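Just so it is clear, none of the values below were taken in a lab; they were calculated from the coordinates. Keep in mind that what you see is a predicted model, and the values were worked out from it rather than measured. Glycine also receives a Cβ, built like all others from the backbone with ideal geometry; neighbour counts cover every protein chain displayed.
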Amino acid sequence: MTGTSRGGVTARAARAWRLATVRAGARTRRLVRAWRGSLQARVLTLTLVVGLLALAVLGGYLSVTVRDGLFTQRVDQVLAESARSAAQAQETFDASTATTGPEVQLLVNDLVRALRSSGSGEREVFILRTRGQQQPILVTSGVTDSSLVGLVSDQLRTATAANEGQRWESVAWPASATDSGRVEPGVMVGQVVTVPAAGSYELYFLYSLQAEQDRLEFLQSVLGIGAVALVVLLVSMSWLVTRQVVRPVRQAAHVAERIADGSLTERMPVRGEDEMARLGRSFNEMAESLQDQIDRMEHLSTMQRRFVSDVSHELRTPLTTVRMAGEMIYESRDEFDPVVRRSAELLQQQLDRFEDLLGDLLEISRFDAGAAVLDAEARDLRDVVGAAVDQAVPLAAAKGSWLSVTQPEGQCVADVDPRRVERVLRNLLVNAIEHADGSDVEVTVGADDRAVAVTVRDRGVGMSRDEAAHVFDRFWRADPARARTTGGTGLGLAISLEDAHLHGGWLEAWGRPRQGACFRLTLPRRAGITLESSPLPLEPPAEPERPAPRDRDADRPDPAALPDLPPTTGSFDVVERAREAQQVVERRRGQERGAGHPAPVPDAPAGHDPEPARRGGTDGPGETR
């Protein structure tokens, strides 16, 4: 029972200690962040630290210098005074006529009392018999205070007995023998004197240095008070100076943040003619210049968007008329000469591409104008992926690529606009198939608690890091010489990126030359969720680099490309040849009607497919696995 209670107490103490440590660490981090985020705090701290260090060094130097000066001055005074007293004592001994022990003892005692009172200050006097002497008359030592005889150290007595002049050392006067009740500094001075009929004796003077110690402490206290006052003055001056400097900087930062938020009319208040005022005026001039440039750019951008939108709308009507005429020609293509029939097919294909381009221009103009609207609903992303893959199967079959889809068994429900997401996936699939060069295209679906993601991976020609950074630019192509075999407009990936951003998601690209490319679409499950990570990795596992594949379509014509036409200033050879062929056919028909028997009209060869680039099988490449 006792062990259990002790263990509980230990656990609670450990938890309390960890909690205190965590709180202390949090407070420390907050203080560090506050210190790093304030220029004024850093300047004040630096000033305080440097001031304290400078004052500590200067105060220590002054204190040591004054202490040494007071001590040296007092010691010199004590040595001179003790030398005079020792000379007077020796003269007194030499002039004395005492020959017996009691007379000599009385002489020594009287001399000790006289020497104690004859000094410049309070001092104690000791006359001690030199060790190792044999004299017929024995005279005891004369001292003014027997309790202080122990302050005469053996080293000092040995040095004094050598009779080489004065010897001294610093001593500590015991608190029991002082009036203040504390230990006082002192100095002991010794010298040899000769006592008549008694031999050599050692004369010691004990001086107190408490007066010098009091003066030193007073000077140190004055220096301390002055240092504190100086530090307070330095901190106050630094605070005032930094406040005058930091306040305009803070105002500039605040105004810059407001300008960055879109309030272009914000300006700094300017007072005076000093450097800060010049900074404020320069900042305001810069803000005005930026506002003018931004206004001009916004005006130009608005005009550009309006121009694109107007042109796109205005082209709708003539395009509709041209399409109607083109469809009539296309439907009658079997009656034309092969050259004219081919021209009708190319005209139909380019009309489709032109119509797609107009639609993409209108869509991108809506994004630029901020008029795009998200029609979100709860949908399973797997269904949207399946619909996009079904539309890409015929193209994959025509290109000889396999489409494989990997998706989780559980639902991947998210609030998305199915039309826009399907368009993004369709663009990614078409782009992957076009650049796969007949390799497999892998589609992977993933989800977690916060997001859903789709990756489209191919192993075709790939792209470099620089190309991956520009792949979402409008009308950008990694290889300008590479033909658009699917008749793309150059805006598909740019529109896809805008669709992803409209959902609050990501659209990212990865690629390496001859290792293929991978595109990842990540969308939040609910509106308002900020993405921090994706359920699927963008960079696939490392694979060995494949040799550069041979372009299988290099020797075959591009079915979606325009024929080589001469400049518009000259005549169109294709049209002229078509007209000549039509005239030949009409003349032949007229001759046959005149002869009374019809001639066979040239027709397309058996099995001819007018759209070979769009044909796709159901049992060959292109089906999903």
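Using 0.36 nm per residue of separation minus the Cα-Cα distance, give me the extension gain between ALA469 and LEU52 in nm, one decimal. All intermediate terms of the calculation are to be shown ahead of the outcome.
Working: separation 417, 0.36 × 417 = 150.12 nm, distance 5.40 nm.
Gain in length upon complete extension: 144.7 nm.
Cβ neighbours within 10 Å, averaged per peptide: list 432-445, 27-40 in order, most packed at the top.
For the peptides 432-445, 27-40, the packing ranking is 432-445, 27-40.
Distance from the Cα centre of segment 324-339 to that of segment 57-85, in angstrom?
Cα centres, segment 324-339 to segment 57-85: 122 Å.
Using Cα-Cα distances under 8 Å and only pairs 6 or more residues apart, what relative contact order does segment 69-206 have, in percent?
Once normalised by length, the contact order is 28 percent.
Could you work out how much longer the chain between THR317 and ASP274 gets when fully extended? Use 0.36 nm per residue separation minus the Cα distance between them, nm to one decimal.
That pair, THR317 and ASP274, stretches by 9.0 nm at full extension.
In nm, to one decimal, how far is the SER236 label point from the ASP356 one, both placed 7 Å along Cα→Cβ?
With each label point 7 Å from Cα toward Cβ, the separation is 7.9 nm.
Using a cut-off of 14 Å between beta-carbons, work out the net charge of the residues near ARG278 (Lys and Arg +1, Asp and Glu -1, ARG278 not included).
Around ARG278, the surrounding residues sum to -2.
Between ALA378 and LEU531, how high is the FRET efficiency from 1/(1 + (r/R0)^6) when r is the Cβ-Cβ distance and R₀ = 22 Å? Nearest 0.05. Please report the intermediate quantities before stating the final value.
Working: r = 18 Å, r/R0 = 0.83.
For ALA378 and LEU531, the calculated efficiency is 0.75.
Give the long-range amide H neighbours of VAL413: residues separated by 5 or more places, or on another chain, with amide H under 5 Å away, using H modelled in the peptide plane at 1.01 Å from N.
Amide H neighbours of VAL413: LEU381.
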